[in-house]
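The values are calculated or read from the model by the stated rules, or taken from the named source; none is laboratory data. Quantities reported herein were computed from a predicted structural model and do not represent experimental measurements. Positions of Cβ are generated from backbone atoms using ideal geometry, with glycine treated the same way; all protein chains shown enter the neighbour counts. Accessible surface is based on the protein model in full, side chains and every heavy atom, while ligands, DNA and RNA are left aside. Shrake-Rupley method; radii C 1.70, N 1.55, O 1.52, S 1.80 Å.
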Amino acid sequence: MKNKLIRLAELIQEDFPEKIVAAFKSNEKLSLTQRLELVNEAITFHRRRAETLWLQADRKRTPAERRATAQAELAAFVFAYLTGDAKEYADSAIEALHSLGRQGEVDLIKSLCRR
């Protein structure tokens, strides 16, 4: 499970200024509350970034905006996983992986939903 969350954190990490990957790799375990706060910051960051990119492109979708939106969706899935609601966010996480060109990692989402 931990390696799967680290892989998702790596996808979320890009462009995010905080060290989200370290939060899942750390030997000093962060509390669940601290991890949830960090993942929530990532969701907010990527959503704002997606909105900014969308507005800068005259309200047109761009590859960068799609990437930021997908990263926000993956962060939302991780948040849901940590709170026990992963299955409800699985479809959007799978779509996000497709948007990121990571179709091979769909099994990662499915296996996390089985837990």
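What distance in nm lies between label points placed 7 Å from Cα along the C-beta direction at K29 and R61?
4.0
When the accessible area of the chain is split by element with a 1.4 Å probe, what percent falls to carbon and sulfur?
46
Along segment 34-40, what does the Karplus equation 6.51 cos²θ - 1.76 cosθ + 1.60 (θ = phi - 60°) give for ³J(HN,Hα), rounded to whole Hz, x for Gly and Pro?
With the stated coefficients, segment 34-40 comes to 5, 5, 4, 4, 5, 5, 4 Hz.
Can you tell me the length gained on complete extension of the stretch E37 to K87, counting 0.36 nm per residue apart and subtracting the Cα distance?
15.9 nm
Give me the distance in nm between label points sitting 7 Å out from Cα along the Cα-to-Cβ direction at E18 and T52, one decimal.
1.6
Cβ under 14 Å from T52's Cβ, T52 left aside: what net charge do those residues give with Lys, Arg +1 and Asp, Glu -1?
Summing Lys/Arg as +1 and Asp/Glu as -1 gives +4.
Just to confirm, what accessible area per residue do you get for the chain at 1.4 Å probe, in whole Å²?
Heavy-atom accessible area per residue stands at 59 Å².
So if I take the centroid of the Cα atoms in segment 1-46 and the same for segment 58-115, what is the distance between those two points in Å?
Segment 1-46 and segment 58-115 have Cα centres spaced 14 Å from each other.
Find out how many positive minus negative residues lie around V21, taking Lys and Arg as positive, Asp and Glu as negative, among other residues whose Cβ is under 11 Å from that of V21.
Around V21, the surrounding residues sum to 0.
State the label only: which of (i) 91, 31, 18; (ii) 44, 30, 26; (iii) 43, 26, 20 corresponds to Cα extents along the principal axes in Å computed from the shown model?
Derived directly from the coordinates: (iii).
Loop-only GluC sites (Glu not before Pro) in segment 16-115, please: DSSP not H, G, I, E or B, and at most 16 other Cβ atoms within 10 Å.
E18, E28
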